[in-house]
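A short write-up of the structure that comes next.
The values are calculated or read from the model by the stated rules, or taken from the named source; none is laboratory data. Keep in mind it's a predicted model, so treat the numbers as computed, not measured. Cβ sites come from the backbone with ideal geometry, for glycine too, and all protein chains shown count toward neighbours. Keep in mind that these areas ignore ligands, DNA and RNA; they rest on the heavy atoms of the full protein, side chains included. Shrake-Rupley method; radii C 1.70, N 1.55, O 1.52, S 1.80 Å.
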Amino acid sequence: MAIEIERKFLVVGEGWRRDIEKSVRMAQGYLNDIATVNSGRQKASVRVRIAGKQAFVNIKSRELGHTRQEFDYEIPVADAEALIRLCVGGLIEKTRHHVRHAGFLWEIDVFEGDNLGLRVAEIELPSADTRFERPDWAGAEVTEQLRYYNLALADYPYCRWRVEEKL
């Protein structure tokens, strides 16, 4: 079992683009929905992701905030394609850009489809109290805001948000 310690920020500007190391197109769906997880009937989200030429099943414990349990398993792409057809809610489509800043790898997700216009930067940390330099393109922190989690975006995509929900 791995523990994921992750912080999320909205992306502002385009300054991050000059430091892209690699980019991967992704499509992902969920085998359960946010209502089931929020009700407590399930204590984890179950995601299927195709990332480039690889595919994964991922299970994350449901805690709001920066720390949760995570289980990630590579599976054949054909299996992932079949599982995505079983998913509930919308499909999450995005390109993930890997950017290094001040010794840390940042993952910048540029969403497409129903979440077009949303850009979120994530940084994984070795511990909750790890200090890091925040780049100028990392805007408002949204780690504690459920609506920015992919499971929530599959159910209530960015295109349906009211103006006041978009920070």
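The set of residues in segment 1-30 that are basic (Lys, Arg) and open to solvent by 60 Å² or more (accessible area, probe 1.4 Å) comprises Arg17, Arg18, Lys22, Arg25. Per the conditions (1) within 22 Å of Arg147 (Cα to Cα); (2) surrounded by 15 or more Cβ atoms within 10 Å (Cβ to Cβ); (3) out of contact with any strand residue (DSSP E or B) (no Cβ under 7 Å at 6 or more places or on another chain), the sole criterion not satisfied by Leu116 is (2).
If you check Ala27 against the conditions, is it of a type in the set (Gly, Ala, Ser) and within 14 Å of the chain's Cα centre (by Cα)? Please lay out each step first, then the result.
Values: of a type in the set (Gly, Ala, Ser): yes; within 14 Å of the chain's Cα centre (by Cα): yes.
Against the criterion (of a type in the set (Gly, Ala, Ser) and within 14 Å of the chain's Cα centre (by Cα)), Ala27 qualifies.
Before we move on, is Pro157 touching a residue at least 40 places away in the same chain (Cβ under 8 Å) and open to solvent by less than 20 Å² (accessible area, probe 1.4 Å)? Spelling it out, Pro157 is indeed touching a residue at least 40 places away in the same chain (Cβ under 8 Å) and open to solvent by less than 20 Å² (accessible area, probe 1.4 Å). Surrounded by fewer than 18 Cβ atoms within 10 Å (Cβ to Cβ), within 13 Å of the chain's Cα centre (by Cα) and not aromatic (Phe, Trp, Tyr) - does that describe any residue in segment 31-53? Yes: one or more hits. Answer yes or no: is there a residue in segment 134-144 that is open to solvent by 20 Å² or more (accessible area, probe 1.4 Å) and outside any loop (DSSP other than H, G, I, E, B). So far as segment 134-144 goes, yes, one or more of its residues are open to solvent by 20 Å² or more (accessible area, probe 1.4 Å) and outside any loop (DSSP other than H, G, I, E, B).
If a residue counts only when it is farther than 28 Å from Trp137 by Cβ and not β-branched (Val, Ile, Thr), which strands (runs of 3 or more DSSP E) contained entirely in segment 1-118 have at least 3 such residues?
Details: elements: 2-11, 20-30, 44-51, 54-61, 67-75, 88-101, 104-111.
Result: 67-75.
Considering Val57, Val99, the condition of being crowded, with 18+ Cβ neighbours inside 10 Å, more than 14 Å from Asn150 (Cα to Cα) and within 16 Å of the chain's Cα centre (by Cα) is satisfied by Val99 alone. From (1) touching a Gly at 6+ places or on another chain (Cβ under 8 Å); (2) within 20 Å of Glu70 (Cβ to Cβ); (3) crowded, with 17+ Cβ neighbours inside 10 Å, pick out the condition that doesn't hold for Phe111. Status for Phe111: all satisfied but (2).
Contact map, segment 3-17: first residue farther than 12 Å from Arg119 by Cβ, second residue small (Gly, Ala, Ser) and assigned to a loop (DSSP other than H, G, I, E, B), Cβ cut-off under 6 Å, separation 6 or more or different chains; pairs are Ile5/Ala128.
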